[in-house]
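Worksheet: the structure to be examined is printed underneath.
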Number of protein chains: 2
Amino acid sequence: MADDTAGIDEIELDEGRVAALRIAVEAGDTGEVLRLVEPLHAADIADFLEQIDAAERQAFLAIYAGEIDGDLLSEIDETIREEVIESLPAEVVADAVRDLDTDDVVDILEDLEAPAQGRILDALDDADRVAVEQAMAYPEGSAGRLMQREVVVAPEHWTVGEAIDFLRGAEVLPDQFYHVILVDPRMRPLAYVTLGRILSARREASLRDLAEESFRTVEATEKESEVAYIFNQYHLISCPVVDAAGRLVGVITIDDAMNVLDEEHEADMLLLAGVSEEASVLDGPFATMRQRLPWLVVNLLTASISAVVISRFEDTIAAIVALAALMPIVASTGGVAGTQSLAVAVRALAARDLTSSNARRVVLRELAVGAMNGLALAAIIGLAAWGLFGDPWIGAVLAAAMVVNQIVAALGGVLVPLTMDKLGLDPALASGTFVTTLTDVMGFLAFLGFATLVLI
Amino acid sequence: MADDTAGIDEIELDEGRVAALRIAVEAGDTGEVLRLVEPLHAADIADFLEQIDAAERQAFLAIYAGEIDGDLLSEIDETIREEVIESLPAEVVADAVRDLDTDDVVDILEDLEAPAQGRILDALDDADRVAVEQAMAYPEGSAGRLMQREVVVAPEHWTVGEAIDFLRGAEVLPDQFYHVILVDPRMRPLAYVTLGRILSARREASLRDLAEESFRTVEATEKESEVAYIFNQYHLISCPVVDAAGRLVGVITIDDAMNVLDEEHEADMLLLAGVSEEASVLDGPFATMRQRLPWLVVNLLTASISAVVISRFEDTIAAIVALAALMPIVASTGGVAGTQSLAVAVRALAARDLTSSNARRVVLRELAVGAMNGLALAAIIGLAAWGLFGDPWIGAVLAAAMVVNQIVAALGGVLVPLTMDKLGLDPALASGTFVTTLTDVMGFLAFLGFATLVLI
């Protein structure tokens, strides 16, 4: 079988195949649709579903419903998953979810409304349903939701031979497992052994002697972002999950942790840009509007602060109208500097490279960088304005405002997220709006203030 | 051994421990330093080194040099790795790198200058040195640099029993492996079998019958970002790497792919904020200045375009000075909207959710969202300005400019990165500067233009 599939399976969903599939779907050509979809991985079929519009999706599902399995349901983006599940015959959904490990069923259930949830739970056999309901009892975004309950354990006194005989006799094993977890009689995990070590050891060897030096567990109530951090920091492949009493209740594998890491990064990037974190390019216009309008309205209000500041200097502007043209330069460059400092700080907080141990040093560095960049930019803009307007004082005002605002920007970019973090808030949340408001207000204030003092 | 270490190993580097360690280092208290460091994972010791300043680092290394191993060298951030290696006795470095898999040695070498590279290569035994030099011959950021050369292969006709006997007899096995790769006589990979399947099958079973359905390889010259995408998309745990002739040359494991994914996200976030992608919170002020000043200077030039636009309307501003105070509102809100649209688009391009198949639909969505948000913001600012200034026409000018600029922002936020991507450039690169320049210029132009037409 290997030779037959090796080439075919590596086919990815390229633009040619998407185009051919859309034509076949529109023509209702079942044979051609199946031929084009057959070599694709479930993840790529899901991507195809995401790239077409709702009408095409219905036409495709009418042709393809019989082939849909649990893997495909798992892969479909949550934005369209409910729509897909609603349009499938109930027995197709039931058959599909029965194949899945419990963590994948939980992942599907989380984003559905109650009626659809009930239909899926009813389709599961009793043991699986209880397992899924237990997982759903953990808070959203916790390790308990992320873990699979299928675990491979052995008493700590077993030998390699006993473990192999047990595995050979097991009726059902998890789809993926990388360790055998050693437990005490109360099911508390003590250590784990990699499968590679078991395979390369003699049958008489004791599992305890083969255990990994490094061993960590997480509690089921731990936040999934903490889980992703632990996997990334300690290079874990799988991690046993325990309840409050320290008993093994499941295991999280690295592919789930990688997925969480991916989503956390996405959330940070979107929050920093003032978009709600679940935003997707697949959302419709109204959902998108709801994700963006709140911060736009907030920005409208904060921008009004700048307007009030500027209005205090109307006499100055009336005297020298050229100031109105020059003032956005200081504010805009400050905004960029603040965004730079902010991005580095938010990222460092997420990676835990910025802590209370080095915060003072980082803030001092930002002060130095703000001053140096400010001086460099001041030299450029100051000389340019002097040359253009033939007046050294206009250049001096621009230069002085630039230095002040660059320092404010660099400091604000690190102090705002540090403060958010101290308050227990997500440092990415709204920091961008705070920092650019700060640099706008300070840019206009410094520039028009110095101009009033020096030029009027 | 499991019971003894289970509790201790879970100790993380918290702020109390950092503080205690710094005191012990300053006091030169070797025993206390070793006691505090001993239970920590290498990744946490590396974090400690990153959180203290250079002088403390030297003091710590003077105490701790004898304990340094390859794992710790691997974990240390590249920003300070060269400094650490330079300050260690040559034989400590040599001993440390000899323990490592080749991919980790390559990872360390990549960021060093030639003399330090030479010292490390000299420390390796001949076989490892050749392996490392071959990996270094692949381009930076390629799969060939990422892979480990230690692989576990079996002829495709072997049985489970033969594979287990081979593994038990092998003198050296990789630190981590999750599959046995089946190869043909020319070392071309055909399929792989998970260790879990081998462990649970009878000795007589054929490896071919146990092979995974899904199987992918990557070429050694493939970009590491593509490798990370493949792991994330297809949920791979390990992936064989082949040369141009399809022969197996190494294997990449998911922990390396997760690391690349992490770095790619970081690079996108920093680039989008106008910071060069290798920026770290650990860099000194001069390195930081070099990472940020280029885009600040670019922004100084692009902001000058806004200044030129505004200067064309000096007569209008001179006639109604209040316009100078109101004009940044339109520009600023446009900047936020552009950044929102941009963040979603850059993220979707990276995740390959935005492709030529759905680009038209996404652009039309942005048009609709820009228009709807523009109308909502226009209603607020228009009515507020009417109320404040008692003049409906000032409100109308603000409202009209707001609608225009919100549409421009939403479209610019998606069209700029799409265009960059089409041109083969990184969509995150400089997009922020382009988009905010666009929204600034358009904001001032629309507002002052309408004002000139309507109010003057």
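The values are calculated or read from the model by the stated rules, or taken from the named source; none is laboratory data. All figures in this text were calculated on a predicted structure; none of them were measured in a lab. Positions of Cβ are generated from backbone atoms using ideal geometry, with glycine treated the same way; all protein chains shown enter the neighbour counts.
Let's see how each residue does on (1) within 21 Å of the chain's Cα centre (by Cα); (2) away from chain A (no Cβ under 14 Å); (3) under 24 Å from B:I254 (Cβ atoms):
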| site | (1), (2), (3) |
| --- | --- |
| B:D95 | no, yes, no |
| B:D99 | no, no, yes |
| B:D107 | yes, no, yes |
| B:A135 | no, yes, yes |
| B:P139 | yes, yes, yes |
| B:V152 | no, no, yes |
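On the given criteria, is B:D126 without any contact (Cβ under 8 Å) to a residue 12 or more places away in the chain and of a type in the set (D, E)? First the steps, then the outcome.
Numbers: without any contact (Cβ under 8 Å) to a residue 12 or more places away in the chain: yes; of a type in the set (D, E): yes.
Yes: the conditions hold for B:D126.
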Return only the number of the condition from (1) within 9 Å of chain A (Cβ to nearest Cβ); (2) more than 24 Å from B:G374 (Cα to Cα) that B:A245 does not satisfy. (1)
Qualifying positions in region A:143-168 - touching a residue at least 40 places away in the same chain (Cβ under 8 Å) and closer than 24 Å to A:A257 by Cβ: A:A143, A:G144, A:R145, A:L146, A:M147, A:Q148, A:R149, A:E150, A:V151, A:V153, A:A154
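Of everything in region A:13-39, what is among the small types (G, A, S) and buried (at least 19 other Cβ atoms within 10 Å of the Cβ)? Give them in sequence order.
Passing the criteria: only A:A24.
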Search result, residues across region A:196-230 that are surrounded by fewer than 21 Cβ atoms within 10 Å (Cβ to Cβ), over 19 Å from the mean Cα position of the chain (by Cα), more than 28 Å from B:A163 (Cα to Cα) and not polar (S, T, N, Q): A:R216, A:E219
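Does B:V251 satisfy being away from chain A (no Cβ under 11 Å), touching a residue at least 24 places away in the same chain (Cβ under 8 Å) and buried (at least 19 other Cβ atoms within 10 Å of the Cβ)? Explain how you work it out, then say what you get.
Values: away from chain A (no Cβ under 11 Å): yes; touching a residue at least 24 places away in the same chain (Cβ under 8 Å): yes; buried (at least 19 other Cβ atoms within 10 Å of the Cβ): yes.
Yes: the conditions hold for B:V251.
Restricting region B:349-403 to residues that are polar (S, T, N, Q) and not in a helix (DSSP H, G or I), which is surrounded by the fewest Cβ atoms within 10 Å (Cβ to Cβ)? I'd like the intermediate steps shown before the answer.
Residues of region B:349-403 polar (S, T, N, Q): B:355-358, B:373.
Narrowing the set further to residues that are not in a helix (DSSP H, G or I) leaves B:355-358.
Values: B:T355: 19, B:S356: 13, B:S357: 20, B:N358: 19.
Result: B:S356.
Of everything in region B:274-289, what is aliphatic (A, V, I, L, M) and modelled with pLDDT of 90 or more? Give them in sequence order. Give the steps one after another, and end with the answer.
So in region B:274-289, the residues aliphatic (A, V, I, L, M) come out as B:275, B:279, B:281-282, B:287, B:289.
B:V275, B:A287, B:M289, listed by residue number.
Per-residue answers, yes or no, for (1) assigned by TED's automatic domain parsing to the domain that holds B:R312; (2) under 25 Å from B:T316 (Cα atoms); (3) free of Cβ contacts under 8 Å to residues at least 40 places away in the same chain:
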| position | (1), (2), (3) |
| --- | --- |
| B:A348 | yes, no, yes |
| B:R352 | yes, no, no |
| B:S357 | yes, no, yes |
| B:N405 | yes, yes, no |
| B:G413 | yes, no, no |
Need pairs with beta-carbon distance below 7 Å; first residue closer than 15 Å to A:F231 by Cα and within region B:27-47, second at pLDDT below 95 and of a type in the set (D, E); sequence gap 6+ or separate chains. B:A42/B:D71; B:A42/B:E75; B:A43/B:E75; B:D44/B:E12
Select from region B:231-248 the residues that are of a type in the set (A, V, I, L, M) and surrounded by fewer than 19 Cβ atoms within 10 Å (Cβ to Cβ) and write down the one among them that is farthest from A:V227 (Cα to Cα). B:A245
For region A:243-332, please list each of the helices (runs of 4 or more DSSP H) lying entirely inside it that holds at least 2 residues being within 25 Å of B:G382 (Cβ to Cβ). A:285-311, A:314-319
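Say whether the condition of being part of a loop (DSSP other than H, G, I, E, B), within 12 Å of chain B (Cβ to nearest Cβ) and touching a Gly at 6+ places or on another chain (Cβ under 7 Å) is met by at least one residue in region A:141-149. I'd like the intermediate steps shown before the answer.
As a first pass, look at region A:141-149 and keep what is part of a loop (DSSP other than H, G, I, E, B): A:141, A:147, A:149.
Subset that is within 12 Å of chain B (Cβ to nearest Cβ): none.
No, every residue in region A:141-149 fails to be part of a loop (DSSP other than H, G, I, E, B), within 12 Å of chain B (Cβ to nearest Cβ) and touching a Gly at 6+ places or on another chain (Cβ under 7 Å).
Scan region A:223-253 for residues that are over 21 Å from A:E133 (Cα atoms) and not hydroxyl-bearing (S, T, Y) and report the count.
The number of residues fulfilling the criteria is 11.
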Output the number of the condition that A:W386 fails; it satisfies all remaining conditions of (1) within 30 Å of B:F389 (Cα to Cα); (2) more than 7 Å from chain B (Cβ to nearest Cβ); (3) in contact with a Pro (Cβ under 9 Å, 6 or more places away or on another chain). (1)
Would you check if A:V404 is more than 13 Å from chain B (Cβ to nearest Cβ) and within 38 Å of the chain's Cα centre (by Cα)? yes
Residues in region A:189-202: is at least one touching a residue at least 40 places away in the same chain (Cβ under 8 Å), of a type in the set (D, E, K, R) and within 8 Å of chain B (Cβ to nearest Cβ)? yes
